[in-house]
Structures are given as structure tokens and as C-alpha cells.
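Structure first, then comments.
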Amino acid sequence: MQKIFVDANVLGSKTQYDWLFMLRLRLEMFTLWTSNDVLDEAHRVWRRRKPDLGGAMRAQRDALFRRLFDDVSDAWNGGASDTINDVHDVHVHNAARSLGADILLTNNGKDFGDPNTLPYDIYSPDEFFVLVNANAPQAVRDVARDQALYWHRRSGDTKYSLAKALAEAGCPSFAREVERHLVVLSGSSASLPL
């Protein structure tokens, strides 16, 4: 099972973390890890985006993350790193390295320097979700069905809203894969290949 360390910028996108957690709950392919520092950073991102929300917002998100992550750890070693391009991401690198992550899931892969020198692979959420779809398309289809129902209840729309939300969240390739699942689910073309 792959150990995925999740960066704060992924947790800053509800669309990205909804898909991540929903896929995790359906699959035994990977575990999700992060650190308290990363959660603090994610909460700061959300507060900047939603300055008018009350204090319950943080408590609700924190409870959600702690329930859905396999582990939120402080048991990692620090240390300087001259290979990381963004000094503010050294703690993310140290935590992922110390915890033995196979993959670092981040929207800022370039901040971590040369990927060939890192002890883990770097994936964007878009790349990771496409990889999951290639290995477990039925799980992705099941989540797509659940998300389409959510969007339909929320806005009366399904395919357009779901794909648009994914594309706007930085997952355009995965949005196209999900659109294909939605076509099959709608019965418009049950013969479409995955």
C-alpha cells in the first residue's frame, strides 16, 4: 500500500480533498498522512479565503481531517535542506521523508527541487487522480456517481458542475476522465471504453 503525504495546498481545495478522501474510503491502495504543521497551514489558507466565517469552521475541518487521515503526525525529524526551492516547504519535505512517504501530493511540485533527488515521488492531485482512475476505474466511477448526486442536489446540475469544479480546482485531466464515467453512468453510451 502506498503511503501518501498530503501538502496543505491540497487541503486548501475542498474539491481536491473531497475526491482524495472519498477515493481513500473506497480503496485499499493507499494511506493518507500529514502533519499538524500542514493542517495549521491549511487552516490559514481557508481563513484567508473565508475571513467572515465563525470559529466553528476550523473545528469542523480539523475534526474531518483527523477522522479521515490515517495519521496526523508530529513524529518526524527536522533539518535543513539545500535542495528544496521554497524554504517554507522544508517542513513538508522533512515530514514526508521521515514518515517514509512513497508520494508527496502537492500542487507545488516545483518547490521541492529536482524530483530525482527526493526519496518520494511528487504528484499533483490531477496526476494522482488520473493514476488512481487507471488502476481502479470502478472506484472512481462510484465516487463520480456520489459527487454527481451531490452536485445535482446542490445546483440541479450534474455533469457540467462536477467537471467544471474539478477543472477549476486544477484537475483538468481528471475532469475529462470523470466526464467519461458520467456518460457511462447516464446510460448515454454504455459501450464507451474506460
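General observations
- Counting every alpha-carbon pair across segment 83-151, the share separated by more than 16 Å comes to 55%.
- Take the Cα of residue 49, step 7 Å toward its Cβ, do the same at residue 63, and the gap between the two points is 2.1 nm.
- From the Kirkwood radius over Cα pairs of the chain, Stokes-Einstein at 20 °C and 1.002 mPa s returns a whole-number translational diffusion coefficient of 122 µm²/s.
- With all pairs of different C-alpha atoms in the average, the Kirkwood value for the hydrodynamic radius of segment 91-130 is 10.3 Å.
- Note on the chain: helix-only mean residue ellipticity at 222 nm, from DSSP H runs of 4+ residues weighted -39500 (n - 2.57) and normalised by residue number, equals -17500 deg cm²/dmol.
- Principal-axis tilt of helix 36-49 within the chain, Cα atoms, nearest 10 degrees: 60
- Based on Cα contacts under 8 Å between residues 6+ apart, the chain shows a relative contact order of 21 percent.
- Here the simple spin-label model places points 7 Å from the Cα toward Cβ, and for residue 186 and residue 37 these points are separated by 4.6 nm.
- On Cα atoms only, tilt of 14-26 relative to the major axis of the chain in degrees: 80
- For segment 118-177, the convex hull drawn through the C-alpha positions has a volume of 83 cubic angstrom per residue.
Values quoted throughout were computed directly from the atomic coordinates according to the rules given, and no laboratory measurement underlies them. No experiment lies behind these values; they were computed from the predicted model shown. All Cβ positions, glycine included, derive from the backbone under ideal geometry; neighbour counts span all protein chains shown.
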